Structure formats: C-alpha cells, structure tokens
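Only the coordinates and a few stated rules stand behind these numbers; no lab work does. Just so it is clear, the model here is predicted, and its values are computed rather than measured. Counting neighbours? That spans all protein chains shown, and the Cβs are built from the backbone with ideal geometry, glycine included.
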Amino acid sequence: MVIALLGYMGSGKSHIARLLSQKLNFEFIDLDKQITLKNKRSVTEIFQMSGEIFFRKQERELLEEYLASKNDVVLSLGGGTPAYYNNMEVINQNSFSFFLRGSVNTLSQRLLKQKTTRPLIAKINDEDLPEFIAKHLFERNAFYSKAQFTVDIDGKTPEQIAEEIIRHLPF
Ligand code: S3P
C-alpha cells in the first residue's frame, strides 16, 4: 500500500509522513529528497542549473517509480507535484492520497522561516509572501482538491494529523 501526502510548501508533508510511517511501520520516502540524491544537488541547485522543467521531469519519473512500490510506503510529495502532467491521476490510481490543507496564514507564518531552501519563494519579500501564497494556492487548489481525502492542519499537532489520516485508512 502507498499513502501519498500532498499539499502546499510548509504544510508539513515530510514531517507527518515520517511520523505516519513510524506509526504504521511503513517505509518513508520523501520525493524531493530522492530527487536531490539522484542528482547529487539540492533542489535550489537543480532549479538554478537545469531549470524547473528538468526538475518536474525528474519528479514525475521518481513519482512513477515509487507509486509502483510493492512495499508499504508513506510517500511525501513536493508541493508542486500534483500540478504537473497527469500526476494527480497517477497518484489517485496508485495510492491513498491525502491533501494536508493549511490556511494562507498558517503557511505564510511557517514559510517566512523556511524560504531559503525553496526556489519558488526564496526571492519574494517577506511582506509580499502572504499574497503570493494566496494566489499560488488558489491555482494549486484545483489539483490538491482531487486528493481522495483532505485533512485540515491548522491548530493541530502532527500527532493529531497522523491519527486522523490513519482513521481514513481501510484497516
Ligand atoms: C515546490 C515545492 C518543494 C519542492 C520545490 C518546488 C513547489 O517541495 O518540490 O521547491 O512547486 O511547490 P516542498 O513542498 O516539500 O517544500
């Protein structure tokens, strides 16, 4: 079984995925991390040196590879993964998909502290960040909302979010 976590940057996908994998005794795979290992470069370096289109192709290739996994896996996707190619279809056909939904306020507060490792927002002024996120999220919501389940994250602990995901699973 593959459980795929998706949502905007800063929604806690990797953190929750790790916690969930420990609770379920599943393998934990972070898609961004796998892309950086394969390319021996950080996400920022890949964007700078090879461009976003190259990154999206790598992301798609590895996504297919991990969705085909025969093992029990919790897969943490990148914030943009659902928005490219027909990735959302492939995700829904091959996993239980969960959208971790956060408000613009929550995401802005978290991302103000974590901008530098994220090439899409690294150069945006702090005061412009909430507006950028609001617009970007509006575009991305069309893809995120195709997930089989949506879990609201505002005001909840990682533990509560992981337990909520487990309650949706068919066992
Ligand atoms: C991206 C999100 C990032 C990473 C890349 C692009 C996006 O992942 O894949 O910087 O398009 O939203 P996180 O959501 O894990 O930060």
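Remark on region 1-101: hydrodynamic radius 13.5 angstrom, per the Kirkwood mean of 1/r across alpha carbon pairs. Can you give the percent of C-alpha pairs in region 85-140 whose distance is more than 15 Å? Percentage above 15 Å: 56. Whole-Hz Karplus values for region 12-17 come out as x, 3, 5, 4, 5, 4 Hz, taken residue by residue from phi with 6.51 cos²θ - 1.76 cosθ + 1.60 and θ = phi - 60°; glycine and proline positions read x. The helix-only estimate of mean residue ellipticity at 222 nm for the chain, built from DSSP H runs of length n ≥ 4 each weighted as -39500 (n - 2.57), is -16000 deg cm²/dmol after division by the residue total. Label-to-label distance, E52 versus A142, with points set 7 angstrom from Cα along the beta-carbon direction: 1.5 nm.
Against the empirical 2.2 N^0.38 Å (N residues), region 46-116 has a Cα radius of gyration ratio of 1.27.
For the pair region 1-41 / region 125-171, the C-alpha centres are spaced 15 Å from each other.
With an 8 Å Cα cut-off and a minimum separation of 6 or more residues, compute the relative contact order for region 1-125 in percent. Once normalised by length, the contact order is 45 percent.
Of the cross-linked pairs K13/K40; K70/K115; K40/K146; K40/K113; K70/K156; K113/K146, which ones have a Cα-Cα span greater than 27 Å in the structure shown?
Over 27 Å Cα-Cα: K70/K115; K40/K146; K70/K156; K113/K146.
The amide H of V2, built 1.01 Å from its N in the peptide plane, has V73, F96 as neighbours under 5 Å, considering only residues 5 or more places off or on other chains. Each of D152, D30 was scored by other Cβ atoms within 10 Å of its Cβ. Listed from fewest to most, they are D152, D30. The residues packed around N39, meaning those with a beta-carbon under 12 Å from its beta-carbon, carry a net charge of +1 if Lys and Arg are +1 and Asp and Glu are -1. Between D30 and S76, the built amide H atoms are under 5 Å apart, and every one of these is 5 or more places off in sequence or on another chain.
Tell me, rounded to the nearest percent, the portion of alpha carbon pairs in region 53-171 spaced more than 20 Å apart. Result for the distance tail: 50 percent.
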